Each structure stands twice: as C-alpha cells, then as structure tokens.
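Notes follow the structure.
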Amino acid sequence: MPSPVVRTEKLCCSYRVGRVLEDVSITIEAGDYVGIVGPNGSGKSTLVQALIGLVPISEGSASIFDVPCGRFAGWGRIGYLPQSLHLVNPVFPATVAEVVGLGLLSQKRFPRKLKRQDRQKVLETLESLGICDLREKLIGELSGGQQQRVLLARALVNEPELLILDEPTAALDPETRERFYALIGEINRSRGVTVLLVTHDSGAIGQHATKMLYLDKRVLFYGSFEEFCCSKDMSEMFGTHSQHIICHRH
Ligand code: ADP
Ligand code: MG
C-alpha cells in the first residue's frame with residue numbers, strides 16, 4: 001500500500017488570539033480530490049498553510065510525502081495557489097510567460113535563469129490550460145478568470161504531485177468558476193495529481209471533488225460525498241435538504 005500524500009495527527013495551530021485548529025487528524029491518499037469547506041474563519045487557510053510550513057504547528061503532527069511539515073524540502077512536488085491575489089499587482093510589468101516562469105525559477109539555485117527547455121515547459125503549461133495566446137500580455141491587463149488561470153499555470157509548471165488551492169474561484173463569476181473546477185478535476189483525473197481545494201462554495205464542490213473535509217476549528221466531517229450523504233450526524237447538523245444540496249449524488 002503506498003503511503004498517503006498528507007497525514008495529520010491531532011494537529012493544532014494557534015495564533016496569539018488562541019487556538020484556531022484543534023485535533024485535526026486526516027489522511028489524504030494519492031489521487032484524492034479533497035474539497036475543504038467551512039465557514040469564514042474556520043481554519044481552512046491555516047490548515048493548508050500549516051501543511052506547507054507557513055504556519056507553525058503547536059501540537060500534534062503533520063507530514064507530506066512522509067516528511068514532517070515545516071522541514072519540507074521537496075517543493076517541486078507541491079504546487080500552491082495562495083488565497084490572496086495581492087501578488088497580482090495591476091501595474092506589475094510582467095508578462096504571463098514571465099509570471100509562469102517564476103514557478104520554475106523558485107526551484108533553481110543561484111544564478112536563477114530559465115533555459116530553453118524551461119521556456120518550452122512554460123509554453124506547454126499555458127497550452128494545456130488554453131491560455132497560450134495570452135503569453136505576451138501583461139498580467140495586469142487580464143480579467144480575474146484569466147489571472148486565476150495564469151496563477152494555476154504557475155502552480156502547475158513544475159508538474160507537482162500535490163496541488164493546493166486556497167479559494168481559487170473567489171473572484172470568479174459562476175460560469176468561469178464551474179469551468180475552473182472542471183479543469184482542476186481534469187488535471188486530477190488525467191495526471192493523477194492529488195488536489196486540496198479550499199472553498200466556501202460547499203454547494204458546488206460536491207460535483208467535482210471526491211472527498212470533503214468540513215472544518216470548523218475541528219474536523220466536523222471527512223470522507224466521501226456518499227458517506228456525507230448517508231451520515232445521520234450530518235443530517236442533524238445541516239438538515240437533510242442542505243445535506244443533499246451539498247452531496248449532489250441524488
Ligand atoms: P478560513 O481560511 O477558514 O477563513 P483562517 O485559517 O484564515 O480561516 O483563520 C482562522 C482563524 O485564525 C480566524 O479567526 C482568523 O482571524 C485567525 N487568523 C488567521 N490568520 C491569522 C494571523 N496571521 N494572525 C492571527 N490570527 C489569524
Ligand atoms: Mg481562508
């Protein structure tokens with residue numbers, strides 16, 4: 001049996017205000033597409049940031065690819081798209097191809113320079129997301145949906161085995177959002193990339209993800225949508241109507 005991609009045991013995280021994550025124990029297997037949902041402030045971003053070592057773990061443990069989080073050196077295996085899009089400065093004078101190339105540069109040692117095969121990789125990634133025609137455009141000239149695709153391209157250019165996306169669709173209109181979810185689903189199925197997607201869109205994610213993690217400081221539910229649907233606890237928590245809107249299975 002291959003080892004899981006992500007494993008946490010009784011993971012707790014605290015800020016100065018106190019504990020925001022408590023006793024989170026989950027296992028994510030290779031090829032899973034996990035939708036992480038929960039109310040605002042429920043610790044979704046903190047969890048993914050703890051996994052990639054951006055937020056310290058106060059108690060418990062977490063590992064990615066069997067390596068304890070925080071000491072992780074295998075960045076090439078993870079693609080991360082942060083929640084905040086502040087890095088897309090509208091007057092930042094970089095083209096789409098340059099922004100995506102940054103995803104390759106971060107793996108390189110000094111002197112950091114893209115080679116010809118790197119530029120080819122950038123083009124292939126843009127092509128696979130259907131945005132090759134945007135490659136010479138400035139990032140600030142693009143629509144929200146286009147910018148989101150460019151950032152996804154930057155997260156994918158290293159061919160990661162694990163893709164972590166924090167509210168990637170928040171700025172998108174419903175139609176573009178659906179297309180984006182479908183695209184992630186396609187990447188998950190065709191390339192076997194394990195996906196962790198944070199969203200507050202609990203009504204839509206059931207159509208795309210294979211598992212749901214419902215977080216509210218603690219894990220309220222973690223499992224498949226079928227399990228969610230059959231769970232009496234979840235009926236009590238959400239009511240059967242909302243339960244079925246979330247599960248999308250019947
Ligand atoms: P979510 O992503 O589910 O909205 P977060 O993980 O961002 O939730 O936040 C969980 C809690 O931690 C919230 O109460 C938030 O205010 C607090 N929090 C998040 N980031 C910080 C930080 N850098 N410093 C202090 N408190 C934070
Ligand atoms: Mg968040």
So which cysteines of the chain have no other cysteine's Cβ under 4.7 Å from theirs?
-> Cys12, Cys13, Cys69, Cys132, Cys230
Added length on full extension, which subtracts the Cα-Cα distance from 0.36 nm per residue, Ser235 to Glu127 | 34.5 nm
How big is the chain on each of its three principal axes, counting only the C-alpha atoms and giving the largest first in Å?
-> 55, 40, 39
Take the solvent-accessible surface of the protein heavy atoms, probe 1.4 Å, and return the percent of it on region 6-247 that carbon and sulfur atoms account for.
-> 50 percent
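For region 131-240, what's the relative contact order in percent, using C-alpha pairs closer than 8 Å and at least 6 residues apart? Each step should come with its number before you reach the end.
Numbers: 82 pairs, mean separation 20.4, N = 110.
For region 131-240, the relative contact order is 19 percent.
Per residue, what accessible area does the chain have, given a 1.4 Å probe and all protein chains present, in Å²? Display every interim value, and only then the final one.
Details: 12610 Å² over 250 residues.
Ligands and nucleic acids excluded, the result is 50 Å² per residue.
Can you give the relative contact order of the chain as a percent, counting alpha carbon pairs under 8 Å and 6+ residues apart? Please list the in-between numbers first.
Values: 451 pairs, mean separation 63.6, N = 250.
Relative contact order for the chain comes out at 25 percent.
Hand me the trypsin sites (Lys or Arg not before Pro) from region 12-48 located in a DSSP loop with no more than 13 other Cβ atoms within 10 Å, in residue order please. Mind dumping the intermediate values first?
Values: sites: Arg16, Arg19, Lys44; in loops: Arg16.
Those that pass, being in a loop and sparsely packed, are Arg16.
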In Å³ and rounded to a whole number, note down the convex hull volume per residue for the Cα atoms of region 132-228.
-> 118 Å³
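Only four residue types carry charge here, +1 at the Cβ of Lys and Arg and -1 at the Cβ of Asp and Glu. Report the dipole size of the chain about the Cα centre in Debye, rounded to the nearest 20. Could you put the intermediate results ahead of the total?
Details: 28 positive and 28 negative charges, 202 e Å.
So the dipole magnitude of the chain works out to roughly 980 debye.
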In a Gaussian network model over the chain where Cα atoms closer than 10 Å are linked, find which of Glu136, Glu98, Glu22 has the largest mean-square fluctuation.
-> Glu136
Report the extension gain between Phe65 and Val17 in nm, rounded to one decimal, defined as 0.36 nm multiplied by the number of residues separating them, less their alpha carbon distance.
-> 14.2 nm
Which value in nm describes the separation of the simple spin-label points at Ser242 and Lys10, placed 7 Å from the Cα toward the beta carbon?
-> 3.1 nm
Among Gln49, Gln83, Gln120, which one moves the most in a GNM of the chain with springs linking Cα atoms closer than 10 Å?
-> Gln120
Of the options Ala62, Ser143, Leu114, report the single residue whose Cα projects farthest towards the positive end of the charge dipole of the chain (beta-carbon charges: Lys, Arg +1; Asp, Glu -1).
-> Leu114
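About the Cα centre, and with charges only on the beta carbon of Lys, Arg (+1) and Asp, Glu (-1), how big is the dipole of region 152-250? Nearest 20 debye, please. Mind dumping the intermediate values first?
Details: 10 positive and 14 negative charges, 29 e Å.
That gives region 152-250 a dipole magnitude of about 140 debye.
Efficiency by 1/(1 + (r/R0)^6): what FRET value for Ser3 and Ser224, r their Cβ-Cβ distance, R0 = 22 Å, to the nearest 0.05? Display every interim value, and only then the final one.
Numbers: r = 20 Å, r/R0 = 0.93.
The formula returns an efficiency of 0.60 here.
Do the sum for the chain: with -39,500 (n - 2.57) for every DSSP H run of n ≥ 4, divided by all residues, what is the mean residue ellipticity at 222 nm, to the nearest 500 deg cm²/dmol? Could you put the intermediate results ahead of the total?
On the way: 9 runs with 87 residues, N = 250.
Computed ellipticity for the chain at 222 nm equals -10000 deg cm²/dmol.
The values are calculated or read from the model by the stated rules, or taken from the named source; none is laboratory data. Quick caveat: nothing in here was measured; it's all calculated off a predicted structure. Because the Cβ atoms are built from the backbone with ideal geometry, glycine has one as well, and the counts that use them run over all protein chains shown. When the accessible area is computed, the model is the full protein with side chains, heavy atoms only, and any ligands, DNA or RNA have been set aside. Shrake-Rupley method; radii C 1.70, N 1.55, O 1.52, S 1.80 Å.
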